[in-house]
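Okay, so here's the structure we're looking at.
The values are calculated or read from the model by the stated rules, or taken from the named source; none is laboratory data. Here the structure is a predicted model, which is why all the values come from computation and not from measurement. Counting neighbours? That spans all protein chains shown, and the Cβs are built from the backbone with ideal geometry, glycine included.
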Amino acid sequence: MKEILFAGLGGQGILTSGLVISQIAVSKDLNATWIPQYGAAMRGGTANCTVKFGNEMVYNPAQEEPDILLAMNNPSFQKFVGMVAPGGTVVIDSSLVTCDTNVREDITVIGVPSSEMAIEMGHAKGANIIMVGVIANVSGDITEEEGISGMNEMFRKKGKSKFEEMNTKAFKLGYNFKK
Amino acid sequence: MEDMIKGNHAFAEAAIRAGATFYAGYPITPSSEIMEYLSVRLPEIGGVFIQAESEGASMNILTGASASGVRCFTASSSVGMTLKQEGISHMADSYLPFLAINVVRYGTGLGTLDTGQSDYLRDTRGGGSGDYRTFVLSPYSLQEAVELIDRGFELADKYGMGTILHTEAALGQMMEPCTFPEMKKVERRHGSIDGTYSFERISPLYRDRLKEAIDEKAKYDSIKENEQMWAEESLEDAEYVIVAYGLAGRSATGAVKQLRAEGHKVGLIRPITLWPFPEKAFAKVNKDVKGFISVEENATGQMVEDIALTLKKSDKSSKPVYMFVDAFGVPTMKKIKANFIRVKNGEIKEVY
Amino acid sequence: MAIAKKVPEMLSKQISFCPGCGHGVVVRLLAECVEELKMEKNVIFNVGVGCYSLATPSIEADKFDTLHGRASAVATGFKRCNPDTLVISYQGDGDAYSIGVGESFSAAYRNENITVITVNNTNYGMTGGQMSATTMPGQKTTTSPHGRDCNTTGMPIKFPEMVAATFPNAAYVARGSVTTPKYVNQLKKYILNAFKAQLNNEGYSLIEVLSPCPTNWKMTPLQSLERINKELVDYYPLGEFKTRKEK
């Protein structure tokens, strides 16, 4: 069972990142849940969702103790870094998370300048997909091929296949990112 | 494996698959996606979708549809359900079946937008004026919701009463895969109003209310005897039994499995029918049980009262009932486990 | 010469209203119109809460008693499920214009293809003559014993005028009265127009009927008729506010 918390600013595609990961897991015949933060707290610009997947049934679909945290801005990092499971991983957008990230010794922090990378590749809105690639790799449960096919199938079903080429490129960039 | 689908969309599709062709409702967070989905889906199948001027009006529009014998439903959240109670009570008095989906948001009055289980007492006690009950079904997954929506319509038709699918914001807003049954075709109910006056209609002024009240009591007794639903784990040797429904019940299922693996003799009752309350599950618990723990997503404890009342008429009337309440969210497995240990260590005082 | 007119078969049982009440005339006209259009086996009488609730036991047709004020919403449900059936929503002024104004207004707003009959007797008759939204300025009722003070309670509502002015798609809107044979014949024409509009799928139709309430007005039946003819018709003019586009 993996628990991943996706957090950032509204408009960064955070909820979509989580959904793509959950759909990739489902396409591998795993059990998966996706649950957004909702309610009054969703007003004011922050967004987050929790994705869980694994072989057994997902019992509590809500946040418990994330194995992986994706933090796309400073408040997300600061708010959630303390909840990460010991031995867990925090992936940050190093172009946007500028605060001190050396706050826990029992977790690994991976900095990925996904916003800059997205602009460089000419797909400015693709930072969230780059991060999907990173998370897919970090999770250790998803191969590059499984990730790409699961992701593209999801967008195809939503009638959003026109970004397929760019999304594939962004995913690969993230999946193969060297720390 | 099926694709991920949002809870509220799954509820709406499940009702369509169960043969419902009529919806009236009013927007409210966190259940609005149900009517958004239906605004497209119902016209596709030749059904009727009405965005009413108010929660109350939507229930009265449903009254006309149900009296016409059409399988119909509505949805709302907590305070919106409060406004529907007038119509729910009137439909109960007219023996009209309906399904109402309550995607509970925590709180009193206007409440909050957060998830919760704060409407247990209101929904299980009828809710409006009068001497009636509705079926109250609570799912712990989208798959179970799909099944209970179909079951809820069937129960409503069978007994001539309403069914509330009592779920929570978190289940309405979350996504997971689920499979849907084939579309069911449901005929208009026999004896319904269609303009032809094929059946005598007795005016409310001429009904034999006393006889009807006695018949209702017999009907409710029969329902209590025959329609209880629940899920259970390890009741035969449990020292403590956790009782929880909906997503709290799902989290508790995981917590009980982990506690068992860690060597604790703990069992679980997950009520699926909140009314009728699954009293029969409690009869299955071994007589040496040390206590029951109600886990609820509210602050004051509501279902805990039904647990105590159920035990009172069983051979476990002296057993203590504890509660662990966690408003504003699905209680984590970690917290459920920690509170179980506290109960076991005598650190928490019983409620009853 | 007295003309013997057959009682509509739908009204086989006796209805008991107070002496001089107008409801009996309205119910009879509705039944006559339904039978003339040969709709007695394809009609739903949908009735709100008021003195007129006493009429439903005697109506031998499909019928439903709704909650107070909710008749237009319930009628919406009936009509959408029975689009070829004549759906009549029978209400009073308290029912339709006060507690049910949201439902009445919204049915008109959605242009539901139903016919709403509102009997306006300027008070809550069934509960003992309290002030309603149509009580006239200065009128004494049990909740305005010194006469209605419009400075604190507002002016009487003119719902048909509002509907006609607000909803250009409404099919037919009129106000009639039961106080003279001429008015009764005129009202019957209005009702037939409304029913024909509905059966022709033209949309929402509304008829308000000025009706005497001698018991609560503390008047004789004759005085009550005179009050309507002399006083009420000035404020609540009779006639068609919206006529059918197609005939």
**Report entry** Index of the failed condition, B:V70 passing every other in (1) in contact with a strand residue (DSSP E or B) (Cβ under 6 Å, 6 or more places away or on another chain); (2) more than 10 Å from chain C (Cβ to nearest Cβ); (3) assigned to a loop (DSSP other than H, G, I, E, B); (4) modelled with pLDDT of 95 or more
**Finding:** (2)
Query raised in the report: Within segment B:21-56, can you find the residues that are touching a helix residue (DSSP H, G or I) at 6+ places or on another chain (Cβ under 8 Å), more than 13 Å from B:A75 (Cα to Cα) and within 14 Å of chain C (Cβ to nearest Cβ)?
Result: B:T21, B:L42, B:G47, B:V48, B:E53
Requested in this report: Only one of these is surrounded by 23 or more Cβ atoms within 10 Å (Cβ to Cβ) and within 14 Å of chain A (Cβ to nearest Cβ): B:A252, B:A238. Name it.
Outcome: B:A252
Query raised in the report: Quick check: anything in segment B:250-257 assigned to a helix (DSSP H, G or I), aliphatic (A, V, I, L, M) and over 24 Å from A:Q63 (Cβ atoms)?
Result: no
Query - Considering residues of segment C:17-59 that are more than 18 Å from the chain's Cα centre (by Cα) and free of Cβ contacts under 8 Å to residues at least 40 places away in the same chain only, the residue surrounded by the most Cβ atoms within 10 Å (Cβ to Cβ) - result: C:E40
Report task. Would you check if A:A127 is under 20 Å from A:F53 (Cα atoms), surrounded by 16 or more Cβ atoms within 10 Å (Cβ to Cβ) and modelled with pLDDT of 95 or more? Result -> no
Report task. Considering only segment A:48-80, state which residues are under 23 Å from A:D106 (Cβ atoms) and among the hydroxyl-bearing types (S, T, Y). Result -> A:T50, A:S76
**Report entry** Output for segment A:141-169, where each listed residue is more than 11 Å from A:Q23 (Cβ to Cβ), of a type in the set (S, T, Y) and at pLDDT 95 or above
**Finding:** A:T143, A:T168
Report task. Only residues that are within 22 Å of C:E103 (Cβ to Cβ) and among the β-branched types (V, I, T): list them for segment B:1-48, please. Result -> B:I28, B:V48
Query raised in the report: Within the group B:S94, B:S39, which residue is among the small types (G, A, S) and closer than 19 Å to B:A18 by Cβ?
Result: B:S39
**Report entry** Residue pairs meeting the criteria (Cβ under 6 Å; at least 6 apart or on separate chains; first within 16 Å of B:P30 (Cβ to Cβ), in segment B:92-108; second modelled with pLDDT of 95 or more and among the β-branched types (V, I, T))
**Finding:** B:A100/B:T74; B:A100/B:I164; B:N102/B:I164; B:V103/B:T167
Query raised in the report: Does A:L5 satisfy the criteria of being part of a helix (DSSP H, G or I), modelled with pLDDT of 95 or more, within 20 Å of B:E176 (Cβ to Cβ) and among the aliphatic types (A, V, I, L, M)?
Result: no
**Report entry** Some residue of segment B:167-184 being within 14 Å of chain C (Cβ to nearest Cβ) and more than 30 Å from A:E56 (Cβ to Cβ)
**Finding:** no
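Conditions tested, residue by residue: (1) crowded, with 17+ Cβ neighbours inside 10 Å; (2) among the hydroxyl-bearing types (S, T, Y).
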{"site": "B:I269", "(1), (2)": "yes, no"}
{"site": "B:A283", "(1), (2)": "no, no"}
{"site": "B:K290", "(1), (2)": "no, no"}
{"site": "B:S294", "(1), (2)": "yes, yes"}
{"site": "B:N298", "(1), (2)": "yes, no"}
{"site": "B:K312", "(1), (2)": "no, no"}
{"site": "B:S318", "(1), (2)": "no, yes"}
{"site": "B:Y322", "(1), (2)": "yes, yes"}
{"site": "B:I336", "(1), (2)": "yes, no"}
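For segment B:167-180, check the following and say yes or no: at least one residue is closer than 13 Å to B:L99 by Cβ and at pLDDT 95 or above.
Among the residues of segment B:167-180, at least one is closer than 13 Å to B:L99 by Cβ and at pLDDT 95 or above, which makes the answer yes.
Return the only residue of B:I214, B:I193 being closer than 30 Å to C:K38 by Cβ, of a type in the set (A, V, I, L, M, F, W, C) and assigned by TED's automatic domain parsing to the domain that holds B:S138.
B:I193
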Query raised in the report: Does A:E65 fit the bill of being under 16 Å from the mean Cα position of the chain (by Cα), within 14 Å of chain B (Cβ to nearest Cβ) and not in a strand (DSSP E or B)?
Result: yes
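Conditions tested, residue by residue: (1) among the small types (G, A, S); (2) closer than 24 Å to B:G47 by Cβ; (3) in contact (Cβ under 8 Å) with a residue 40 or more places away in the chain.
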residue	(1), (2), (3)
B:E182	no, yes, yes
B:R188	no, yes, yes
B:F199	no, no, no
B:A218	yes, no, no
B:N226	no, no, no
B:G249	yes, no, yes
Query - Candidates B:F22, B:F73, B:F49 - the one that is among the hydrophobic types (A, V, I, L, M, F, W, C) and over 19 Å from B:I193 (Cβ atoms) - result: B:F49
**Report entry** Complete set of residues in segment C:118-148 that are in contact with a strand residue (DSSP E or B) (Cβ under 6 Å, 6 or more places away or on another chain) and aliphatic (A, V, I, L, M)
**Finding:** C:V119, C:M131
Requested in this report: Confirm whether B:N8 is in a helix (DSSP H, G or I), more than 25 Å from B:E144 (Cβ to Cβ), touching a residue at least 12 places away in the same chain (Cβ under 8 Å) and in contact with a Ser or Thr (Cβ under 9 Å, 6 or more places away or on another chain).
Outcome: no
Report task. For segment A:29-50, indicate whether the set of residues that are surrounded by fewer than 17 Cβ atoms within 10 Å (Cβ to Cβ), modelled with pLDDT under 95, of a type in the set (A, V, I, L, M) and farther than 18 Å from A:G11 by Cβ is non-empty. Result -> yes
Report task. Report yes if B:E296 is away from chain A (no Cβ under 14 Å), among the acidic types (D, E) and free of Cβ contacts under 8 Å to residues at least 24 places away in the same chain, otherwise no. Result -> no
Query raised in the report: Any idea how many residues of segment B:315-348 are closer than 17 Å to B:M303 by Cα, touching a residue at least 24 places away in the same chain (Cβ under 8 Å) and either in a loop (DSSP other than H, G, I, E, B) or among the hydroxyl-bearing types (S, T, Y) (or both)?
Result: 9
Query raised in the report: Can you find even one residue in segment B:289-312 that is modelled with pLDDT under 95, assigned to a loop (DSSP other than H, G, I, E, B) and not β-branched (V, I, T)?
Result: no
**Report entry** Any chance B:P30 is touching a Lys or Arg at 6+ places or on another chain (Cβ under 7 Å) and not basic (K, R)
**Finding:** yes
Report task. Those residues that are within 25 Å of B:H90 (Cβ to Cβ), more than 14 Å from chain A (Cβ to nearest Cβ), hydrophobic (A, V, I, L, M, F, W, C) and outside any strand (DSSP E or B), I need them from segment B:101-150; list them, please. Result -> B:L121, B:L148, B:I149
Query raised in the report: Considering only residues of segment B:282-297 that are charged (D, E, K, R) and within 27 Å of the chain's Cα centre (by Cα), which is farthest from B:E225 (Cα to Cα)?
Result: B:E297
Report summary line: When segment A:139-148 is checked residue by residue, the ones that are surrounded by fewer than 24 Cβ atoms within 10 Å (Cβ to Cβ) and either in contact (Cβ under 8 Å) with a residue 24 or more places away in the chain or in a helix (DSSP H, G or I) (or both) are A:S139, A:D141, A:E144, A:E145, A:E146, A:I148
